Each structure stands twice: as structure tokens, then as C-alpha cells.
Amino acid sequence: ISVCSGIECPMDVLIPSEEIAVKLKECAEQINKDYQEKNLTVVMVMKGAICVTSDLIRGLKIPFKLECIQASSYGYNGTSGGDLTISCLDKLEIEGRDILVVDDIFETGNTMLGICKQIETKRPSSVKTLVLLVKDIERKTTYRPDYVLFNIPNRFVIGYGLDYKELFRGLPDICAFVKDTPPF
């Protein structure tokens, strides 16, 4: 049982924070090699990617710029997809830069594909993607992110930046509600 935001609810820990730290260190080392001598801009997808991005960039030893956009495809009920909305893309100055889009979770692929499509209209040198989690579900797209830290079963996850109705982002581990039943 975990208590977060004053709410007590039973949770399963799917990925402990220690495992996340190890994977992020390995991933940062790979990005340091892949983007050596490049003009890297990390584009963080808010709010869910805040933890993975902040921990990732601490491991980067190469020069980079950091930008953020906001993407949302969840309605008020918090667990099912809705229409994709992306904001702050118009403010990005990324022409000629190598872009690494960092997001929290890859489910249907619609969010990442929508973001990449819009970023490509700004004429970057390259666009690659990194996600903390890839959910094990059938997809209509064959596209897969370039960097994946963890594959997970088809469960609704929270913690380490991921939320349920804007709560539980501060949990240090990747968790799921027991029996996949949210507390409210």
C-alpha cells in the first residue's frame, strides 16, 4: 500500500526506481555516443516525461538544448484516450538541429507520430525518439521509438512522472493499481 497526495491505495511496483536509474545511465551513455559532434535538442513531452528527462539529461556529457512541448490525449476520466492536442510546438527553434523527443509512454503510437510529424515541418536535421515505457499491445503502426527503456504489460501505470488525474507523478517507482482499479 502506498500513500501519495494524501490518498492511500494498494499498488503493484512494476519497475523500482533503482532499475530505472540503471537503464537511464546506460541510455545516456548511448546518447552521448550517438550525438557526439551533433547539434542535439532534447524535446521533453510534458508533463509525463519530466522525471525521465530530468534524470536523463544529468547523464549527458555532450552539449544540448532543452525544449518542452505539451501533448495530451487523455480525457477527464484519466484512463482512456481522447483527441491529441499538442501545444508549444510553434515556439521551437529547431531548424537544422538533431532532435530527440522524450516521452513517458508509447501505447498506440499516435501521440509520438503526431509530435514527430509536426516537428518535421520545422526542418530539423534528424528526429529520433526516446520513451520510458512501451506498452505490450497491438498497434496499427509499425513505428517503434529509437530508444526504449522498458517494455511493460498492458496495465495503466503511474509514478515517475506518469499520473492518474494529475496525481501520483511523484512516486519514485513505476506502479500500477492493484487489480488495475483506480481509487476514484
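Under a plain spin-label model, where a point goes 7 Å from the Cα along Cα-to-Cβ, how far apart in nm are Tyr143 and Asp180?
Distance between label points: 2.5 nm.
Please label the shape of the chain as rounded, prolate or oblate, based on the square roots a ≥ b ≥ c of the eigenvalues of the alpha-carbon gyration tensor (a/c under 1.5 means rounded; beyond that, a/b larger than b/c means prolate, else oblate).
Taking the square roots of the gyration eigenvalues as a ≥ b ≥ c, the chain is prolate.
Which listed residue (Thr111, Pro63, Gln30) has the Cα farthest towards the positive end of the charge dipole for the stretch 12-160, taking +1 on Lys and Arg C-beta and -1 on Asp and Glu C-beta about the Cα centre?
It is Pro63.
What whole-number value in Å² describes the accessible area per residue of the stretch 138-184 for a 1.4 Å probe?
Here the residues of the stretch 138-184 average 53 Å² of exposed surface.
In whole angstrom, how far apart do the alpha carbon centroids of the stretch 6-49 and the stretch 96-127 sit?
Using only Cα atoms to place each centre, the spacing works out to 17 Å.
Looking only at GluC sites (Glu not before Pro) in DSSP loops with at most 12 other Cβ atoms within 10 Å, what is the longest site-free stretch of the chain? Mind dumping the intermediate values first?
On the way: sites that count: Glu37, Glu93, Glu95, Glu138, Glu166.
It runs 38-92.
Could you name the lysines whose alpha carbon sits less than 19 Å from that of Lys23, not counting residues in the same chain fewer than 8 places away?
Straight-distance partners of Lys23: Lys33, Lys61, Lys128, Lys135.
Of Leu66, Leu24, Leu133, which has the largest mean-square fluctuation in a 10 Å C-alpha GNM of the chain?
Leu66
Can you tell me the dipole magnitude for the stretch 33-184 around its Cα centre, using point charges on the Cβ only (Lys, Arg +1; Asp, Glu -1), in Debye to the nearest 20?
Values: 20 positive and 20 negative charges, 29 e Å.
About 140 debye.
Quick check: at a probe of 1.4 Å, how many percent of the accessible area of the stretch 99-163 sits on carbon and sulfur atoms?
Carbon and sulfur: 44 percent of the exposed surface of the stretch 99-163.
With a 1.4 Å probe and all protein chains kept in place, how do Thr53, Thr181 rank by accessible area, largest first? Working shown, then result.
Values: Thr53 0, Thr181 85 Å².
Putting Thr53, Thr181 in descending order of accessible area: Thr181, Thr53.
The values are calculated or read from the model by the stated rules, or taken from the named source; none is laboratory data. For clarity, every value in this text was computed on a predicted model and none was experimentally measured. Cβ coordinates were reconstructed from backbone atoms using ideal geometry, including for glycine residues, and neighbour counts include every protein chain displayed. The accessibility values were calculated without ligands, DNA or RNA, using every heavy atom of the protein model including side chains. Shrake-Rupley method; radii C 1.70, N 1.55, O 1.52, S 1.80 Å.
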